[in-house]
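Participant: Sharing a structure here in structure tokens format.
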Amino acid sequence: MIIHLLEGSLKIQVYYCEDDVEFEDNICIEVEEDCPDDEKLLQANQVIISITPVEARQLATLLNQAADASLADRETRSANNED
């Protein structure tokens, strides 16, 4: 799965690395940045972080919780603006 952020300059890919099946941290988060040097967030053009399946689920849970809170706040603000 790939997602493009920051107007396409940041590509994040998440995948299970079957070649690393013997390691516990075989879920990869690959971050690739394509932008001018003065706009870069990372020192390297590409970074790969390996995490465990449990850590991947924790990260997914945190992202979902943050998204839920943001959407709920947006709905509340929208409802308050309609009054």
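The values are calculated or read from the model by the stated rules, or taken from the named source; none is laboratory data. Here the structure is a predicted model, which is why all the values come from computation and not from measurement. Glycine also receives a Cβ, built like all others from the backbone with ideal geometry; neighbour counts cover every protein chain displayed. Only protein heavy atoms, including side chains, enter the accessible area calculation; ligands, DNA and RNA are left aside. Shrake-Rupley method; radii C 1.70, N 1.55, O 1.52, S 1.80 Å.
Participant: Do any residues in segment 20-32 that are under 22 Å from residue 3 (Cβ atoms) have Cβ atoms under 6 Å from those of residues that are of a type in the set (Lys, Arg), where the two are at least six apart or on different chains, and which pairs are they?
Facilitator: 32/11
Participant: Filter segment 35-60 down to the residues that are assigned to a loop (DSSP other than H, G, I, E, B) and either at pLDDT 95 or above or in contact with a strand residue (DSSP E or B) (Cβ under 7 Å, 6 or more places away or on another chain) (or both), then identify the one that is least open to solvent (accessible area, probe 1.4 Å).
Facilitator: Out of the qualifying residues, it is 52.
Participant: Looking only at residues in segment 69-83 that are assigned to a helix (DSSP H, G or I) and open to solvent by 100 Å² or more (accessible area, probe 1.4 Å), which one is modelled with the lowest pLDDT?
Facilitator: 82
Participant: For residues that are touching a Cys at 6+ places or on another chain (Cβ under 8 Å) and either in a loop (DSSP other than H, G, I, E, B) or charged (D, E, K, R) (or both), tally how many sit in segment 7-19.
Facilitator: 2
Participant: Filter segment 25-34 for residues that are over 17 Å from residue 8 (Cβ atoms) and part of a loop (DSSP other than H, G, I, E, B); which is least open to solvent (accessible area, probe 1.4 Å)?
Facilitator: Only one residue fits best here, namely 26.
Participant: Sticking with this structure for a sec: Read through the list (1) touching a strand residue (DSSP E or B) at 6+ places or on another chain (Cβ under 8 Å); (2) open to solvent by 100 Å² or more (accessible area, probe 1.4 Å); (3) not in a strand (DSSP E or B), then give the number of the only condition that residue 22 fails.
Facilitator: (1)
Per-residue answers, yes or no, for (1) more than 22 Å from residue 25 (Cβ to Cβ); (2) free of Cβ contacts under 8 Å to residues at least 12 places away in the same chain:
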| site | (1), (2) |
| --- | --- |
| 41 | yes, no |
| 48 | no, no |
| 53 | no, no |
| 65 | yes, yes |
| 71 | yes, yes |
| 74 | yes, yes |
| 79 | yes, yes |
